[in-house]
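The next block holds one structure in the form of structure tokens; read it before the comments.
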Amino acid sequence: MKALIYKDIVSIKKSLRTLALMLIIIGIVFFGGGLIRVFPLSFMYVSIILTGFFFGKDAAYNVEQYIIPAPIKRSEIVLSRYAILWAISGLGTLLALIIHLFDRGGALSIPWYVVLPGNFLLISLISSIQLPALYKFGVEKGRVIYTLTYILLFSGVSYLGKNKELLLNIVETISNTNTVLLGAILALLAILINAASYAISVHIYSSKEF
């Protein structure tokens, strides 16, 4: 599985610079707008874009014809993709924790045990939907799904960025609930959604004929 992960990372090595630049620009915009705590959610873009790149490269070079005959389970092939997704979600969550620790006096005062599972859930959510769709419909139809997902996500984040009052209302609502219970629910949802997504992808990919 390590070889598969390495293969995916090498295949998009040049694109990583562009993604890094994109994150820097988004970070500056969010910092200037006083929404630095929302910045970790930008890792959703990274996971969505990388997922599209991975499947596009595999289709362009017909990678399956080399991987499938190899002595490796299809579940491990799928897991290698999810491992990258979870690593990106973990990085975004770690960044959210760092920002949370250094910005305790900010307006968005949400407990860390809500911030962590909440960020992981949100960052991995779109790709958890996107991956099974790509395994099911392939790259061509998957690109339509990818484009629509990207547009909806960009519109949602842009709307949130322009409506600070809405964001503050959400935070206030969270603060008035049982935050320990909320954190536990978010963590459980993150596990269930990602596990279900992985199981569906394995089922779809294992049933495919190449």
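Throughout, read-outs are computed from the coordinates displayed, never taken from laboratory work. Here the structure is a predicted model, which is why all the values come from computation and not from measurement. We place every Cβ from the backbone using ideal geometry, glycine too, and count neighbours over all the protein chains shown.
Annotation: the residues Val202, Val10, sorted from fewest to most other C-beta atoms within 10 Å of their own C-beta, follow the order Val10, Val202. Mean projection of the Cα convex hull over all viewing directions, computed for region 43-121: 6.4 nm². Pairs with C-alpha atoms separated by more than 18 Å, drawn from the list Lys13/Lys141; Lys7/Lys57; Lys2/Lys73; Lys73/Lys208; Lys73/Lys141, are Lys13/Lys141; Lys73/Lys141. Considering only Ser11, Ser127, Ser89, the Gaussian network model of the chain with Cα springs below 10 Å gives its largest mean-square fluctuation to Ser11.
For the options Tyr159, Tyr66, Tyr113, a Gaussian network treatment of the chain with springs between C-alpha atoms closer than 10 Å singles out Tyr66 as fluctuating the most. Put in line by how crowded their Cβ is, counting other Cβ atoms within 10 Å and starting with the fewest, Ser128, Ser42 read Ser42, Ser128. For the chain, the longest principal axis of the alpha carbon atoms and the long axis of helix 112-162 meet at an angle near 30°.
Which net charge results for the neighbourhood of Leu4, defined as the other residues with beta-carbon distances under 9 angstrom from its beta-carbon, given Lys and Arg at +1 and Asp and Glu at -1? Once all neighbours under 9 Å are counted, the net charge is +1.
Here region 2-207 is treated as an ellipsoid with the same Cα gyration tensor; its semi-axes, largest first and in whole Å, are 32, 19, 15. Angle of helix 164-175 to the longest C-alpha principal axis of the chain, folded into 0 to 90 degrees and rounded to 10: 90°.
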